[in-house]
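Report on the structure given below.
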Amino acid sequence: MFTFIAFVLTIAGCVNWLLIGLLQYDFVAGIFGYQGSVFSRLIYIIIGAAAVFLVVKLFVDKGSIHVWGAKKKRLAKAKEEYAAMNVEASKEQRRRKESGYHENSDYSRDDYEERRDNHDDRQLSLFDEHFDDK
């Protein structure tokens, strides 16, 4: 948020310099009376500090300024959490597939586990249950 405020203040300073160059009108001095007033000087100092902050941030971030940095961090974190959930879900699906468990079958997981424990060592599937030797 601080970067955004500094960005807006720097843009306001740039527009003021554009007005000075084109129209010879100092907008800040026009609002507060003259350039030497305390309020005009305070505004100039704040805008200058915002510009210095952005230049330092530009060097620290190696040539890029993220005005909405906090939002990007939240989106990246949400994306990472979503990817982790998908990895866990795919691991669970793979585990279920390898164990032979089917959610849409006519019997529950408890029935399947009981039949698996009572059956001999061969793999049990839905197809095999209809052709078992009795």
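In units of 2.2 N^0.38 Å, what is the alpha-carbon radius of gyration of the stretch 6-49?
For the stretch 6-49, the normalised Cα radius of gyration comes out at 1.07.
Label separation (F2 vs S64): 2.1 nm, computed from points 7 Å beyond Cα along the C-beta direction. Gain on full extension, evaluated as 0.36 nm per residue between E88 and L54 minus their Cα-Cα distance, stands at 8.1 nm.
Bear in mind that the values in this text are calculations on the coordinates, not laboratory data. Small disclaimer: the values here were computed from a predicted structure and weren't measured. Neighbour counts run over all protein chains shown; Cβ positions are idealised from the backbone, glycine included.
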